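Shown next, in structure tokens, is the structure this report addresses.
The values are calculated or read from the model by the stated rules, or taken from the named source; none is laboratory data. Computed from a predicted model, the values in this text were never measured in an experiment. Positions of Cβ are backbone-derived with ideal geometry, glycine not excepted, and every protein chain shown enters the neighbour counts. When the accessible area is computed, the model is the full protein with side chains, heavy atoms only, and any ligands, DNA or RNA have been set aside. Shrake-Rupley method; radii C 1.70, N 1.55, O 1.52, S 1.80 Å.
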Amino acid sequence: VFSVFPKEFLNPLKKYDSKGLITFDATLKGNIGKNNLPKIEANFSLEQGALTEKNTGISLQNLSFNGQFSNQNKQINSLLILNNIQGKFSNNGGNFDGQITLKDFANLKIESQVNANLNLAVVKDFITIESIKELTGTATTNYQLKGSIVNEKFKIQQSQGTLSFNNLNLATTSNNLT
């Protein structure tokens, strides 16, 4: 499943096992060489996908999406679009849907939209962030976000929507929030 993503995004995904049915159709135009990269246009989809955290066994199931990739002009103006993203967490972890667009990989710009209803304890076990000691409650969101990566940090340019928590309990290595 991961082979459709740019290699910059693969390192965080190493802690997960993946499976699914991928359909891929691509066209390459131009010369291939040390200093030449052909124009690439690709359409792809994922059905019956799953992403499982190797240590906890928590998984995203029923993953599906439709995607498009174009490198238009080498790294400049590259475009990756994932539409109709859908999935649900195991262990009654909730479900989500949305879309994401990544533009210009050299100066990465991100646009996303997500709808989700999540059990945060299951999400915590899936993403396994060391600084989060405890995370419980539920989160419901309908959210849109635009931003970019600047000096290896995400900079929000526009955000709108709703994010609601119910019975939130968050404990980190540096503080607690209830």
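Please go through the range 60-95 and pick out each residue that is of a type in the set (Val, Ile, Thr) and crowded, with 16+ Cβ neighbours inside 10 Å. Answer for the range 60-95, where residues must be of a type in the set (Val, Ile, Thr) and crowded, with 16+ Cβ neighbours inside 10 Å: Ile81, Ile85. Every condition in (1) open to solvent by 60 Å² or more (accessible area, probe 1.4 Å); (2) touching a helix residue (DSSP H, G or I) at 6+ places or on another chain (Cβ under 7 Å) holds for Lys103 except the one numbered (2). For the range 133-170, the tally of residues that are modelled with pLDDT under 90 and either within 22 Å of Val123 (Cβ to Cβ) or in a strand (DSSP E or B) (or both) stands at 4.
Each row is one residue, and each column tells you yes or no for (1) under 19 Å from Gln61 (Cα atoms); (2) open to solvent by 60 Å² or more (accessible area, probe 1.4 Å).
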{"residue": "Asp97", "(1), (2)": "yes, yes"}
{"residue": "Val123", "(1), (2)": "yes, no"}
{"residue": "Glu130", "(1), (2)": "no, yes"}
{"residue": "Asn151", "(1), (2)": "no, yes"}
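Note on the range 14-37: residues that are at pLDDT below 85 and loosely packed, with under 10 Cβ neighbours inside 10 Å amount to 7.
Filtered by the rule that a residue be within 21 Å of Gly87 (Cβ to Cβ), of a type in the set (A, V, I, L, M) and either touching a Leu at 6+ places or on another chain (Cβ under 7 Å) or open to solvent by 50 Å² or more (accessible area, probe 1.4 Å) (or both), the range 133-149 gives Leu135, Ala139. Among residues of the range 46-57 that are more than 15 Å from Gly87 (Cα to Cα), those with a beta-carbon under 7 Å from a residue that is part of a strand (DSSP E or B) and open to solvent by 30 Å² or more (accessible area, probe 1.4 Å) at least six positions away or on a different chain give the pairs Lys54/Asp17.
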